[in-house]
Amino acid sequence: MLQNCAIYGSDGVLLDLEDSISMAEKDAARKLVRHALLSLDFGNVERIVRINGRGTPYFEADLAEIVPARPDAIRLPKVDSADDIIVLDRLISQLEVEYKIEPGSIGIQAMLETARSIINVNDIAAASPRLVGLTLGGQDLAADLGIKATKSGLELMYAKSAVIIAAKAFGLHAFDTVYTDIDDLEGLKEQAEMSVALGFSGKAAIHPSQIHVINAAFTPTEKEIAKAVRIAKAAREAAKEGLGVIALDGKMIDTPVVAQAERIIELAALAGVEVSDL
Amino acid sequence: MSYSFVRNSLERMVPSEIPGMGRFHPYAGAYARLDGSFVWTPKALPKKVPAPSANKIANNLREAIERSGLQNGQTISFHHHLRNGDAVVGLVLAELEKMGFRDLTLAPSSLGDAHDCVADAIRKGVVTKLNTSGVRGEVGKVISSGLLDTPVIIRSHGGRARAIEEGSLKIDVAFIAAPACDRLGNMTGSMGKAACGSMGYAMIDARYASHVIVVTDNLVEYPLSPRISIPQYLVDQIVVVDSIGDPAKIATGATRITRDPVQLRIAELAFNLIQSAGYIKDNCSFQTGGGGPSLAVARYVREYMKEHSIRGSYCIGGITGYMADMLKEGLFRVLFDVQSFDAAVTSSLAQNPHHIETDASWYANPFNKGCLVNDLDVVILAALDVDIDFNVDVLTGHDGVLRGASGGHCDTAAGAKLTVVTIPSMRNGVPSIRSRVQTVVTPGETVDVIVTERGIAINPRRQDLLESARNARLPVKDIAQLKTEIEKITGVPEEIHFADELVGVVEYRDGTLIDSIWKIR
């Protein structure tokens with residue numbers, strides 16, 4: 001399975017050492033993931049390793065084995081406070097020095113899955129320059145809240161919004177949690193569309209068959225792209241001519257609209273859609 | 001036994017003559033005999049005029065065999081429409097053994113997992129020669145270990161129809177399993193508890209064999225209606241048995257779309273390639289099988305056609321319930337069904353006049369006046385191994401033992417405008433792209449594209465496809481580069497060693513020999 005994980009069209013792969021690995025297999029999994037990082041060609045696909053939480057006996061061993069294999073990022077689960085991130089940052093920094101890895105090159109993704117983490121989200125988002133993204137652990141958070149996670153995910157709406165707003169405020173990505181029913185691609189599609197609407201930058205897949213559904217949701221339509229391209233062009237022409245006011249089809253366009261258009265073009269480019277005549 | 005060998009146009013050594021089977025020409029190109037000048041002279045078999053009879057039912061199988069006049073050394077045939085549920089081959093071979101028959105030539109349309117009994121019959125000398133499209137299990141091992149004195153002949157479905165029509169494959173007695181049959185021999189596969197759908201391969205046997213014995217477990221009131229696959233005037237005798245097969249194993253063509261992510265990825269890439277090359281349009285025609293990524297490709301095609309209001313012309317081949325649904329939805333106008341892959345299609349075949357039962361010659365015989373595959377737009381095929389010359393092996397396992405079937409592979413590849421071979425880049429850690437496949441079944445000149453989950457290799461003959469795939473930003477790779485990439489993960493497997501002893505030949509659809517099969521060391 002490992003040798004195939006990069007071929008399915010996702011932007012990144014998450015190699016897990018945490019919940020999907022039983023206690024008896026922790027050592028073997030760590031070695032396997034290290035070996036995969038060192039020997040397999042992942043192409044342009046980002047390699048992220050989810051290690052075990054700071055409160056577990058595996059936390060430091062995971063880092064000692066994985067960081068020297070230079071993943072693109074470490075995902076830390078069960079983050080409760082900024083302190084968790086600060087400790088992780090320090091350990092990664094030490095290992096970077098020890099293994100002569102460019103300082104700061106390994107990123108951190110913080111996984112928020114407790115009620116405490118949601119009230120601390122702003123501090124967490126500001127805790128380290130290594131942070132690249134925040135993500136929500138839906139199942140665990142629901143358990144911590146004593147509620148049942150539903151397909152619509154409405155019960156986690158506040159938590160999702162809190163994570164997104166903190167991420168945007170600190171220039172980070174916000175990743176939505178997985179949709180666990182792998183047979184229900186229609187439900188996944190609805191949830192992924194909601195992720196886009198809320199402002200998530202991406203969504204995790206738990207099975208390769210989910211990837212194209214998620215990618216489709218995060219890919220703007222041809223109509224949206226065409227409109228965005230016209231707005232962006234108008235903005236660039238206005239800037240070239242030194243005009244303070246941007247106009248399209250006789251209407252004034254505000255700066256936020258231009259920013260949104262640029263975002264759509266960026267999403268389109270990320271999704272591999274050719275955006276020409278810009 | 002020693003043979004004199006010649007080198008064919010693919011640089012493969014093939015015998016020029018097999019004692020008892022006559023002379024063979026070496027393969028000289030997929031279309032070498034199709035330029036309009038080649039002449040064939042069918043040799044008809046003598047047939048006895050039976051006394052008119054109002055009841056062709058024999059008391060039992062033994063009586064039917066005795067009355068057929070079958071002799072030691074003659075040729076018997078079967079069809080494989082009952083797939084892995086077939087009980088008739090075993091039933092008949094057991095009776096022949098009890099009756100003391102020896103040295104028979106067995107010429108079924110194919111053999112599958114239900115046919116380890118054939119290996120027994122070979123060991124006991126009941127069967128000493130074999131012509132088939134495919135083999136599995138014990139039969140493959142028996143052949144590869146050199147237990148047959150005479151090399152087995154592997155034929156494609158179209159090639160078999162050709163060989164029977166021209167008389168190079170003479171069938172003395174055809175045993176035809178029929179899921180429904182009346183007292184005079186009208187039969188069909190689309191009714192009965194062992195319903196199998198089309199009887200396309202058996203139609204040829206019925207038409208050309210000297211003697212035809214129907215074996216059925218479902219004798220229906222005369223006349224059979226509403227559908228007759230093979231008419232009474234071709235039938236000599238009927239034997240009624242308790243069961244011709246296990247219905248649960250007849251319906252084995254995977255009707256569920258694979259969940260295997262590798263297969264799904266291959267399907268997605270194959271679909272993208274076909275779509276980007278502009279083949280999915282009004283009046284297009286398709287063939288795709290039941291296994292591996294095939295149905296998943298069909299799903300993409302179905303969704304795309306619906307979304308873009310495209311109406312295709314026809315599908316051919318092994319027909320699945322999935323394709324019957326597409327017919328019902330109006331996505332295609334006609335299904336040509338030579339072989340049904342699952343029981344879901346039997347109701348469609350019986351009730352939908354646009355679901356047409358097609359014989360093997362109509363399907364793929366290159367020497368008739370226009371077989372279906374000649375007009376085919378796209379075919380999606382599987383493979384065991386491929387090589388950097390785009391040659392395809394669908395016969396030899398990684399251990400060198402025979403375990404596959406020629407089927408309609410080379411027929412459809414030669415006929416279709418776009419031939420797509422889908423194959424996982426590795427199986428159990430063994431890479432699927434070789435420098436040279438062990439046994440060529442389908443020549444590279446008829447293969448346009450090889451799709452793996454790690455990239456798409458396009459035959460350099462097809463610059464048009466190369467361009468459309470690149471424009472669609474598909475992961476196109478040079479086949480040698482793709483091979484190297486895969487070997488970086490798998491390593492290069494050790495070569496299998498074969499003995500210098502011929503155990504089989506692969507006949508190309510036009511009757512020439514495309515490759516030889518060697519004894520495993």
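The values are calculated or read from the model by the stated rules, or taken from the named source; none is laboratory data. Being a predicted model, the structure only gives us computed values, none of them experimental. Note that each Cβ is placed from the backbone with ideal geometry, even for glycine, and that neighbours are counted across all protein chains shown.
Do you know which of the residues in the stretch A:3-31 that are away from chain B (no Cβ under 14 Å) and touching a strand residue (DSSP E or B) at 6+ places or on another chain (Cβ under 7 Å) is surrounded by the most Cβ atoms within 10 Å (Cβ to Cβ)? The residue in question is A:Leu17. Cβ-Cβ contacts under 6 Å between residues 6 or more apart (or on different chains), taken from a first residue in the stretch A:191-218 that is over 22 Å from B:Ala267 (Cα atoms) to a second residue that is hydroxyl-bearing (Ser, Thr, Tyr), are listed as A:Gln191/A:Tyr179; A:Lys203/A:Ser195. If you filter the stretch A:238-278 down to residues that are without any contact (Cβ under 8 Å) to a residue 12 or more places away in the chain and among the β-branched types (Val, Ile, Thr), you find that the one that is farthest from the other protein chains (Cβ to nearest Cβ) is A:Val245. Kindly evaluate A:Ile206 against the criterion of being within 14 Å of chain B (Cβ to nearest Cβ), under 21 Å from A:Leu14 (Cα atoms), assigned to a loop (DSSP other than H, G, I, E, B) and more than 16 Å from the chain's Cα centre (by Cα). No. Of the conditions (1) assigned to a loop (DSSP other than H, G, I, E, B); (2) within 14 Å of chain B (Cβ to nearest Cβ), A:Val178 satisfies every one except a single condition; which number is it? Status for A:Val178: all satisfied but (2).
Looking for whichever is assigned to a helix (DSSP H, G or I) and loosely packed, with under 15 Cβ neighbours inside 10 Å here; the options are A:Asp83, A:Asp89. Which one fits? So that I can check it myself, show each step before the final result.
Values: A:Asp89 fails: loosely packed, with under 15 Cβ neighbours inside 10 Å.
Result: A:Asp83 is the single residue among A:Asp83, A:Asp89 that is assigned to a helix (DSSP H, G or I) and loosely packed, with under 15 Cβ neighbours inside 10 Å.
Of everything in the stretch A:209-237 that is among the small types (Gly, Ala, Ser) and within 14 Å of chain B (Cβ to nearest Cβ), the residue that is surrounded by the most Cβ atoms within 10 Å (Cβ to Cβ) is A:Ser209.
Every test in (1) of a type in the set (A, V, I, L, M); (2) outside any helix (DSSP H, G or I); (3) modelled with pLDDT of 95 or more; (4) touching a helix residue (DSSP H, G or I) at 6+ places or on another chain (Cβ under 6 Å) is passed by B:Ile153 save one, and that test is (4).
So for the stretch B:78-99 (the condition being of a type in the set (Asp, Glu), under 20 Å from the mean Cα position of the chain (by Cα) and under 24 Å from B:Asp217 (Cβ atoms)), does at least one residue qualify?
Yes, the stretch B:78-99 contains a residue that is of a type in the set (Asp, Glu), under 20 Å from the mean Cα position of the chain (by Cα) and under 24 Å from B:Asp217 (Cβ atoms).
Considering (1) closer than 17 Å to A:Lys151 by Cα; (2) not in a helix (DSSP H, G or I), the lone condition that A:Glu186 does not fulfil carries the number (2).
Set side by side, the residues B:Val379, B:Val386, B:Val338, B:Val345 differ, and just one is under 21 Å from B:Ala163 (Cβ atoms) and of a type in the set (Val, Ile, Thr), which is B:Val338. Within the stretch B:452-493, being within 14 Å of chain A (Cβ to nearest Cβ), touching a residue at least 12 places away in the same chain (Cβ under 8 Å), farther than 20 Å from B:Met426 by Cβ and touching a strand residue (DSSP E or B) at 6+ places or on another chain (Cβ under 7 Å) holds for one residue alone: B:Leu474. Inside the stretch A:32-79, residues that are in a helix (DSSP H, G or I) and within 14 Å of another protein chain (Cβ to nearest Cβ) make up a count of 4. Of all residues in the stretch B:224-240, exactly one satisfies the criterion of being in a strand (DSSP E or B) and surrounded by fewer than 19 Cβ atoms within 10 Å (Cβ to Cβ), namely B:Val240. Screening the candidates B:Leu269, B:Leu295 for the property of being over 24 Å from B:Arg473 (Cβ atoms) and either crowded, with 24+ Cβ neighbours inside 10 Å or within 14 Å of another protein chain (Cβ to nearest Cβ) (or both) yields one hit, B:Leu295.
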